[in-house]
Structure formats: C-alpha cells, structure tokens
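The values are calculated or read from the model by the stated rules, or taken from the named source; none is laboratory data. The model shown is predicted, which means the values in this text are computed figures rather than measured ones. Cβ placement follows ideal geometry from the backbone for every residue including glycine, while neighbour counts extend to all protein chains displayed.
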Amino acid sequence: MRRVSAALLLLAISITSGCFKNELSPEEKALVDSLRTELKATQSELSDAKAKDATLSGGLMKALVGIRVEILGTNVGLLEQRLNALQSGSPIKQVIQVSSADPELAKKIETEISVLNDDLVKARTDAAVNGGLVGVMKAAAVATKEQTLAMLQQRYLVAKYGLSLPMPAAQALPATAEAAPSAQESSTLSSAGKQAPELPAGSGPFGLEAGLSKDLIERMTGQLLTVADEAQSLYMLDSPPKPNDAFEQYGLVISPTVGLCEIRAVGKTVNTNDYGHQLRDAFDGLQSALTTVYGKPQVLDALMPGSIWKDSRDWMMSLRKKDRSLIAEWKSTQSAPLKSDVKSITMVARAQSTDKGYIVAQYSFANEPTCEAEENQRKTGSL
C-alpha cells in the first residue's frame, strides 16, 4: 500500500511540475510589469477609500464609499490572481476566468476615465470650498463620481487584460432556456422603472436626506421619479426608502442645484362621520408619533368667526368649506433644532367630502428657501 501511495505521489509531482514555467517570454514580462503598475495604483486607491470609510459613522456617504471599497477590492483581486497565475504558470483559480481582451474597448474606456478624472478634480475642489447643506450635497456627488470611476476602472481591466468577473451562484445562467426571462419580460421590467435599490436608506424622514439629487434618490429606491410639476421641480415617488403606513403618496421637490428640499407625504383616505371623529383620531395618532421624534408642535384647531358650520356635527363640512383648520406645526430653532436638517414640518387635515378625509405632512429642509427662489425665478424669468 505504501508503494502505491509513493507511486501516486511521484506521478502527481511529475504532472504538476510540468505546469510551471521557469522563464517568461518578453511579452509576458511586459504584461507582468503592466499588471504590477495597475495593481500598485489600485491598492493605493483602495487604501485611501478604506481610510475614508473608517472616518464615516453611517448615512449615505458611508454607503457610497463602502460600495467603492468593494469594487476596488474586486479590482485588486482580479489583478493579483492574474499576476500570480502569469508568474507561476499555474492555472488561474476558478473564481477568475480569462476571456479575450478587447483593446479597442479598453482604449474607449480609458478615454472615459480621463474625462471623469478631470471632472472629479473639479468636483473635489468645488466640494472643498462649500460648507453646510451645499457642501454635503457636493461631497455626495464626489463620492458618486468616485464610485463610477472605480466601476469604469474595473471594466477597463476586464477589457485590457481579458478577465471576466466572477459570477455568483445566484446569478449563474439558467440551465434551460425556460428559466431565463424572455426579451419581452425584460423589456417590461425595464419599462416599469423598478429594480433593486443600489443604496441604503438615509437617516432623514422616510429614509431621505436634504440635498439628495434625483439620481441618488432613484438609486436608493430603485424607482424612476416622475415629474408632477416642472415649475416647482416636483417629482412623484411611489415608495420612499422607509415608507410609513399612514401615507400612500410622496411628492419630492428637488432643486437642480441644492437637491432635495421638501417632502410632501399624502395620507391614505380616512372614512369618517360628520363629526370627523375618525379623521381627528388619525391626526392625533400621527401628531403623537411625530412628537416623539421632533418634540411638541404648535396646534391650530379653529373655526373661522361667523361660519354657519359651527355645530359639532358640521365638523367635516366646515373643514371641507375651509372654514375650519386643523394644523400641527414643528419649527426648528437655534435653541431646539429639528433633526436631519429639517426646518419645519406642517401637518394638515383635509376633507374630500363630509365622510372622507386625509392628512398631508410637509417636511421642509434648511435649503428650502433656495428652492423657493428658483421656483419664483422660473415663474417670473420670462416676464
């Protein structure tokens, strides 16, 4: 038995030894040098990204930087395994496959990288000289560009060196044609404008934050925003990153310069009696929930003097006729600032009829005055 094992060991050694090279060809040496240069640069970028990630405690910026770290880590792995396999002459691990290089595509991507690098330098400079909400928004834009650059670099490496990214088992090609979605199904999914969110929810109301761009919100929700009112820069969103059961529709005012500045959440229809008991209960419940987060509000529950709808059973009619107001308002002050850069929250009860009503909650961020000024400029600019 020992002789058989020894023979098998010698056979294995003889077979394996034939797989390793002693000398690299001039072309292979040049390729090794190129891979080493790429690896050193990518490792440096990865180190910088990890250092930046370590300084962030959470929120959108950490999510963006974290994704960049993952992409750069994959890039380093691609280069290391290709370099190791080339130098040793051993087969490349199964997780990294070799495909045909595409020099033309690599050259095209290289041009895109150069343009993005120039744009990134300007964006970093711009972000460095701005503070407050504008600075936060510009910093997020820089992080997004850096993430895009890492993805472009990955495509460049694949095209230049003929590497293929590893395919997770869950994304492996189906064994049968029936398992793959048809072209018609793929088109339907694409036109629906919904996909898995790329970014996690933020820390603000409904998982959104002041200053977010339209693109970032779409990546956070996996949904395409639809324009509701171009003059107001108002977009409609079916479901935010953190929806609330009390609301069924969300309007977002997104400035092209300072990003998200206002959220308008429209509540579900509440069936109620003429006295408005059910609507008032829903209002009180939502007010209580907001109070635990933002503190005690100022409440206005009043009927206009001289209204003919003064009886208690006329409560819904007076609300419908706009003779009555039921409003709760939270305002940020220097001594008691509201969280997440919220400047004010206004919650209003509204009547559709004498037996149906709903609640609207409007969140205005600190950058809202800029949005308002831009809207006024759009309205009067052509006069």
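Before we move on, is Lys356 assigned by TED's automatic domain parsing to the domain that holds Phe283, surrounded by 15 or more Cβ atoms within 10 Å (Cβ to Cβ) and over 27 Å from Gly207 (Cβ atoms)?
yes
Restricting segment 119-144 to residues that are in a helix (DSSP H, G or I) and more than 15 Å from Gly259 (Cβ to Cβ), which is modelled with the highest pLDDT?
Per the stated criteria, the residue is Val121.
In segment 227-275, how many residues are in contact with a strand residue (DSSP E or B) (Cβ under 7 Å, 6 or more places away or on another chain) and within 30 Å of Trp309 (Cβ to Cβ)?
Residues flagged as in contact with a strand residue (DSSP E or B) (Cβ under 7 Å, 6 or more places away or on another chain) and within 30 Å of Trp309 (Cβ to Cβ) within segment 227-275 amount to 14.
Filter segment 216-226 down to the residues that are part of a loop (DSSP other than H, G, I, E, B) and either among the acidic types (Asp, Glu) or touching a helix residue (DSSP H, G or I) at 6+ places or on another chain (Cβ under 9 Å) (or both) and list them by number.
Leu224, Leu225
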